[in-house]
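Student: Please find one structure pasted underneath; my questions will follow.
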Amino acid sequence: MVKAWHEEEKRKKQPSYQKEIAPQFEYNRFIRDFFNNPKHNGKSRDEAIAAWKHLKLQPGSNQYRS
C-alpha cells in the first residue's frame, strides 16, 4: 500500500498530470477543458466564463466541445 501511495505521489508531480474532476462539477470541467484547448491560448477567464454562460443557454450537454 505504501509503495502504491509513493507511485501515485510521483505521478502527481509529472507535468501532464491532471486531477480528475467529478462529473457534478460541470463548470470546473468546462473551464479546465476550455483552457486546455490550444486555440484558446491567451484567452481570459472572463472569456471562458462567457463561453460557459453561452453553452448553458443551449439545449443538451454542458460538456466542453471544441
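Student: List, please: which pairs have Cβ atoms under 7 Å, are six or more places apart or on different chains, and start with a residue in segment 31-48 that is touching a residue at least 24 places away in the same chain (Cβ under 8 Å) and end with one that is polar (S, T, N, Q) and open to solvent by 70 Å² or more (accessible area, probe 1.4 Å)?
Tutor: Short answer, once both residue conditions are applied: ASN37/SER66.
Student: All but one of (1) touching a residue at least 24 places away in the same chain (Cβ under 8 Å); (2) open to solvent by 100 Å² or more (accessible area, probe 1.4 Å) hold for ARG65; which doesn't?
Tutor: Here ARG65 clears every test but (1).
Student: I'm trying to understand the selection: among the residues of segment 1-21, which are open to solvent by 80 Å² or more (accessible area, probe 1.4 Å) and under 10 Å from the mean Cα position of the chain (by Cα)?
Tutor: Listed by number, the residues that qualify are GLN18, LYS19, GLU20.
Student: Restricting attention to segment 22-52, report how many residues are in a helix (DSSP H, G or I) and loosely packed, with under 10 Cβ neighbours inside 10 Å.
Tutor: 3
The values are calculated or read from the model by the stated rules, or taken from the named source; none is laboratory data. Predicted model, so just to flag it, every value in this text is computed and none were measured. Cβ sites come from the backbone with ideal geometry, for glycine too, and all protein chains shown count toward neighbours. These area figures cover heavy atoms from the full protein model, side chains too; ligands, DNA and RNA do not enter into them. Shrake-Rupley method; radii C 1.70, N 1.55, O 1.52, S 1.80 Å.
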